[in-house]
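One structure below.
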Amino acid sequence: MGRISTRNGETAIHDIIPLEIHGIDEDRLNASAISIMQTLNEAGFEAYLVGGGVRDFLLGNIPKDFDVATNATPDEICGLFRRARIVGRRFQIVHVRMGPEVFEVTTFRAPHQDDSNDTEARQDANGMLTRDNVYGGTVADDAQRRDFTLNALYYNHKDRCVYDFCGAWQDAKAKQLRIIGEPSTRYREDPVRMLRAIRFLGKLPLTIDPATEAPIFELGHLLREVSSSRLFDEVLKLLQAGHGADTFELSWEYGLHQVLFPEASQVLEANTESTYWDLIEQALENTDARLKSGRTVNPAFLYACLLWPAAHQRFQQLLAEGLSAQDAMRKAGAITIDANSATVAIPRRFAQVTREIWELQLRLPNTQTRRALAMLRQPRFRAAYDFLLLREHSKEIPAGLGQWWTEFQAAHPDVKPEREQPDDRPRRRRRPFRK
C-alpha cells in the first residue's frame, strides 16, 4: 500500500491499495460496469468503480450496485453511450443502459467555496443543498463530496488498485460507518444522509462512529424539509433492502420514523403494548423473507401496514360518530393518506391500492359462497387476505377467518383474481432512452 501526492500542484495524499491486498476479483464484478469504465478510459477520461460495488465486496457481501465516477461531464458521457440520458436536477447523474441493466455514471464534484458556482450549488436557510452540480473537480475532490467513507473507495480498472482519500480503507477493515466531514454540516446539506446511515446499519454488520451518530438524534426534524416524493423512494429503500425489520427498529430508536410517519407514530407511542407493533414487525419480517426468496413486494402493502395504526384509530372514531362501516373506512383511509403526504407522499397508484386493502377488510367476514367467489376474483384479494392474516397474528381480531379463506382458496383453485381494467385516459408517450 503506497502514498502519492500529485494533484494540480497541490498535495493530495491518499492510499493506494493494490490487488494483492484488497483482493477484488474482476471476474466477480459486473462486466457491463467494467465495459463502461473501459469506454471512458479509451476516450481519455478517468473512470472508477465507486460506492456499493466496492464497499460490499470489501465487507464480504455480494455486490449489487455498480456505480461509475468519472471526470467526463454529463454531456460528454452521453456522447460516448448511445443509450444514455441525464436524470435529476438537484444532483445530476447519467443513466447508461447496457442490455437490461441501468448504471449510474456521475461526474466528479468540485468544492463549493468558489462564488462563481452559485448557480450550480445552492443551499437554503437550513444549509440544505438544493442544487449540487459543481463539476471540474478531481477524484480527490469527489471523494470529499460523498456521504460516508465506505462509499468513497475508488476501484481503478486500469491498474486494479483501490484509491482511498479519506481513511475509508481503515473504516472498511474496522467495519465502521463514518461520515465524511463535519457530521452536522453534512446532515444539514442533505438530511436524507441520516436515513442512509440507518439503512447501512440495518443492512451491513457495522458499528457507527459516535461523532457520526450523535447529530441524528438532534437533526431528524430536518427530514420535513425534504421533498415528500423523494422520501417515498427513500422509505422503500429502507424497507426493501431485505432487512426491513431491523431497519424499522433503528429508525424508531433514532427518532426518524416518528418524523416520517407522525400520526401513526403517535398512536404507537400511546399504545406501547398494542397489536399495531406486532402487525408492523411481522409484516416487515414477511417482507424480508419474500425478498430473500426472490419474490417482489408491493409498496402499497407496506404502506398499508405502516399507516394502519392511524387509519384504524380514525376508523373507530368515525364509527363512534355514527358513520357506516364502509363510509368510515373510506373516509379514514383518505384522510390518513392525505395527512401523511406532508412528509411522505404516496403516489396515487399506490395510495389507491392501500385504501382498497383496508376497505376489503370489511368484506372478508362475509363468507357467503357467491360473495366469497366474487371476492376471490378481486384484484386486491390476495393483498387483503395477507393483511387479514397479519391482523389475526397480532391478535387485533380473533383467529379463524384467515383459516376459512385459506381453505376456501384451496377448494377453488381455478378461481383467479381478474386483471385490472385499464382506464380510458390517454397514455403519455414515453421519451426514448437516448440523449
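Would a scan of the range 332-353 turn up a residue that is surrounded by 17 or more Cβ atoms within 10 Å (Cβ to Cβ) and under 20 Å from GLY402 (Cα atoms)? No; the residues of the range 332-353 include none that is surrounded by 17 or more Cβ atoms within 10 Å (Cβ to Cβ) and under 20 Å from GLY402 (Cα atoms). Take the residues of the range 30-63 that are without any contact (Cβ under 8 Å) to a residue 40 or more places away in the chain and assigned to a loop (DSSP other than H, G, I, E, B): which is surrounded by the fewest Cβ atoms within 10 Å (Cβ to Cβ)? The residue in question is ILE62. When the range 164-191 is filtered for residues that are surrounded by 17 or more Cβ atoms within 10 Å (Cβ to Cβ) and among the charged types (D, E, K, R), the ones remaining, listed by number, are ASP164, ASP171, ARG178, ARG186, ARG188, GLU189, ASP190. Tally up the residues in the range 147-163 that are within 16 Å of ARG193 (Cβ to Cβ) and surrounded by 23 or more Cβ atoms within 10 Å (Cβ to Cβ), please. Going through the range 147-163 one residue at a time, the tally reaches 4.
For PRO398, indicate whether it is closer than 23 Å to LEU306 by Cβ and surrounded by fewer than 16 Cβ atoms within 10 Å (Cβ to Cβ).
Details: closer than 23 Å to LEU306 by Cβ: no; surrounded by fewer than 16 Cβ atoms within 10 Å (Cβ to Cβ): yes.
So PRO398 does not fit the description; no.
Restricting attention to the range 69-90, does a residue exist that is surrounded by 17 or more Cβ atoms within 10 Å (Cβ to Cβ), touching a Ser or Thr at 6+ places or on another chain (Cβ under 8 Å), in the same structural domain as GLN170 (by TED's automatic domain parsing) and assigned to a strand (DSSP E or B)? Looking for residues that are surrounded by 17 or more Cβ atoms within 10 Å (Cβ to Cβ), touching a Ser or Thr at 6+ places or on another chain (Cβ under 8 Å), in the same structural domain as GLN170 (by TED's automatic domain parsing) and assigned to a strand (DSSP E or B), one finds at least one in the range 69-90, hence yes. Only residues that are among the small types (Gly, Ala, Ser) and in a helix (DSSP H, G or I) were counted in the range 383-398, giving 2. In the range 402-417, what residues are closer than 20 Å to PHE301 by Cα and in a helix (DSSP H, G or I)? Correct list: GLY402, TRP405, THR406. Could you look through the range 47-82, keep only residues that are under 21 Å from GLY23 (Cβ atoms) and of a type in the set (Lys, Arg), and pick out the one that is modelled with the lowest pLDDT? That would be LYS64. Taking the criterion of being out of contact with any Phe, Trp or Tyr (no Cβ under 7 Å at 6 or more places or on another chain), in contact (Cβ under 8 Å) with a residue 40 or more places away in the chain and within 21 Å of GLU356 (Cα to Cα), the residues of the range 388-407 that qualify are LEU390, ARG391, HIS393, SER394, GLU396.
Just name the residue that is nearest to the chain's Cα centre (by Cα) out of those in the range 360-382 that are part of a loop (DSSP other than H, G, I, E, B) and surrounded by 13 or more Cβ atoms within 10 Å (Cβ to Cβ). Before the answer, list the steps.
At the first step, the residues of the range 360-382 found to be part of a loop (DSSP other than H, G, I, E, B) are 361-368, 377-380.
With the extra rule that they be surrounded by 13 or more Cβ atoms within 10 Å (Cβ to Cβ), the set shrinks to 361-364, 378-380.
Details: GLN361: 29, LEU362: 32, ARG363: 33, LEU364: 33, GLN378: 30, PRO379: 27, ARG380: 25 Å.
The residue in question is ARG380.
The values are calculated or read from the model by the stated rules, or taken from the named source; none is laboratory data. Note that the coordinates shown come from a computational prediction; the quantities given were computed from them, not determined experimentally. All Cβ positions, even for glycine, are placed from backbone atoms using ideal geometry, and neighbour counts span all protein chains on display.
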